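For reference, the structure discussed in these notes is given below.
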Amino acid sequence: MKKILVALLLVVLLGFSWYLLQKTPQKTVSAEQKTVIVPEPKLPDTLFTFKKDELNADCSDNNPQFCAVEQVVKCTINPELEGCKKAKLPRFIFLTDSGIDRPTEISYKFTEKKLLNNQNVELYTDSTCNGTWFGLCHGRVIYVLAPEENNNWSVKDIYAIEQ
């Protein structure tokens, strides 16, 4: 008797499970999924050159990321330039020690852009300058940018890669 009761319960349980499987709507995956690709602005093919005697606070590009790099370069050359003291820049840019070989001219060209997982961006440049500036103005210099309010960007860090 117990065997029949257990078998009957198993059949009922199996039937109820089958009913629930049939009742659950099947999710269909459409073969046509549209992916929207937002094109990144092209890196400018320009060699940017800034000299201490010719600096102004205006940005030469409309892209806020490129303007953030330009501001750091200008503030590196002249930390007293208008807007430098208010900007969120790495502290070492404002160091004033007699042993620091601050450049008076910097040239750079953007070579690569990498999007990081934390919403930051790395902009790679090939740079030259007429000073040493902690080794951060010769060769491959990388600017790490962080997003701010109103579609603005600030440079969080600068580092160089030996080539």
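Give the residue, chosen from 63, 130, 151, that is in contact (Cβ under 8 Å) with a residue 12 or more places away in the chain, at positive phi and of a type outside the set (Lys, Arg).
Working: 63 fails: at positive phi; 130 fails: at positive phi.
The unique qualifying residue is 151.
For residues in the range 88-105 being within 21 Å of the chain's Cα centre (by Cα) and charged (D, E, K, R), which is modelled with the lowest pLDDT? Per the stated criteria, the residue is 88.
As a summary of the residue check, residue 72 satisfies the conditions (1) in contact (Cβ under 8 Å) with a residue 24 or more places away in the chain; (2) more than 21 Å from residue 44 (Cβ to Cβ); (3) not in a loop (DSSP other than H, G, I, E, B) except for the one numbered (2). Residues in the range 82-115 that are touching a residue at least 12 places away in the same chain (Cβ under 8 Å) and part of a loop (DSSP other than H, G, I, E, B): 13 in all.
Is at least one residue of the range 42-53 part of a helix (DSSP H, G or I) and at pLDDT 90 or above? Show your work before the answer.
Of all residues in the range 42-53, those part of a helix (DSSP H, G or I) come to 52-53.
Next, from what is left, pick out any that are at pLDDT 90 or above: 52-53.
The answer is yes; a qualifying residue exists.
The values are calculated or read from the model by the stated rules, or taken from the named source; none is laboratory data. Nothing here was measured: the structure is a model prediction, and the numbers come from that model. Please note: Cβ atoms are built from the backbone with ideal geometry, for glycine as well, and neighbour counts cover all protein chains shown.
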